[in-house]
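Below is one structure, written out as structure tokens; the observations come after it.
The values are calculated or read from the model by the stated rules, or taken from the named source; none is laboratory data. None of the values given here were measured: they were computed from a predicted structure. Every residue, glycine among them, receives a Cβ derived from its backbone with ideal geometry; neighbour counts consider all protein chains shown.
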Amino acid sequence: MIFVTVGTHEQPFNRLIRHIDEMKANNLINEDVFMQIGFSTYTPKHCEWKKVIPYDEMMEKMRLARIVITHGGPATFIQAFQNGKIPIIVPRKSEFGEHVNDHQCHFVDFFYSKYKTIIPIHEINQLDSAILEYETICANLNGELTSNNKLFNENLSKLVDEMFE
């Protein structure tokens, strides 16, 4: 299963939701897809979805998923790490009305440059190959995914501090 989550930010993330739904419609994705679509106004036609799901359900879907696809909110991709997943991250962009600025793009790039434990997607057409080649991409990442939450949180804290120096 592929689990897609866009968080609870009040602006729609139609670009991501529509693209995954079209991939499913065109049989580029042949497995089940569940999407938490938040305030997106595009209604998926080929994937199971809910606007919002409880925290426990989200964690269960992340645990069961082969792939987790998320927006660029750090809390969400930390949850993917906690479930042993290397997330595909599509940051929200202001040019599409998905957020007020491009801080998610900057954070995702900065995080990737430091740790190499995520798959950043800035152009939506890159998502196809990221999904289709997920295992190969994960195997070639140079970072190390660890379940040591304390160490991860310390490193994330340092990373955020460095961004604001």
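In the condition set (1) touching a strand residue (DSSP E or B) at 6+ places or on another chain (Cβ under 6 Å); (2) at positive phi, I37 is compliant with all but (2). Report yes if some residue within region 5-17 is surrounded by fewer than 16 Cβ atoms within 10 Å (Cβ to Cβ), out of contact with any His (no Cβ under 7 Å at 6 or more places or on another chain), assigned to a loop (DSSP other than H, G, I, E, B) and at pLDDT 95 or above; otherwise report no. So far as region 5-17 goes, no, none of its residues is surrounded by fewer than 16 Cβ atoms within 10 Å (Cβ to Cβ), out of contact with any His (no Cβ under 7 Å at 6 or more places or on another chain), assigned to a loop (DSSP other than H, G, I, E, B) and at pLDDT 95 or above.
Output the residues belonging to region 126-138 that are exposed (fewer than 15 other Cβ atoms within 10 Å of the Cβ) and either without any contact (Cβ under 8 Å) to a residue 60 or more places away in the chain or of a type in the set (V, I, T) (or both). Explain how you work it out, then say what you get.
To start, the set of residues in region 126-138 that are exposed (fewer than 15 other Cβ atoms within 10 Å of the Cβ) comprises 126, 129, 132-133, 135-136.
Scanning region 126-138 gives Q126, S129, E133, E135, T136.
Hey, does region 40-48 have a residue that's under 18 Å from L127 (Cα atoms), free of Cβ contacts under 8 Å to residues at least 40 places away in the same chain and surrounded by fewer than 15 Cβ atoms within 10 Å (Cβ to Cβ)? No, the conditions are met nowhere in region 40-48.
Report the residue count in region 42-57 for those that are touching a helix residue (DSSP H, G or I) at 6+ places or on another chain (Cβ under 7 Å) and part of a helix (DSSP H, G or I). If you could, list the steps in order and put the result at the bottom.
Pass one, region 42-57, residues touching a helix residue (DSSP H, G or I) at 6+ places or on another chain (Cβ under 7 Å): 42, 44-47.
With part of a helix (DSSP H, G or I) added as a condition, the list becomes none.
Here the count works out to 0.
Can you pull out the residues in region 80-107 that are of a type in the set (V, I, T) and either modelled with pLDDT under 90 or more than 10 Å from the chain's Cα centre (by Cα) (or both)? Matches in region 80-107: V100 only.
Residues that are touching a Ser or Thr at 6+ places or on another chain (Cβ under 9 Å) and either at pLDDT below 95 or more than 20 Å from L132 (Cβ to Cβ) (or both) within region 53-72 comprise I53, M58, K61, M62, H71, listed in sequence order.
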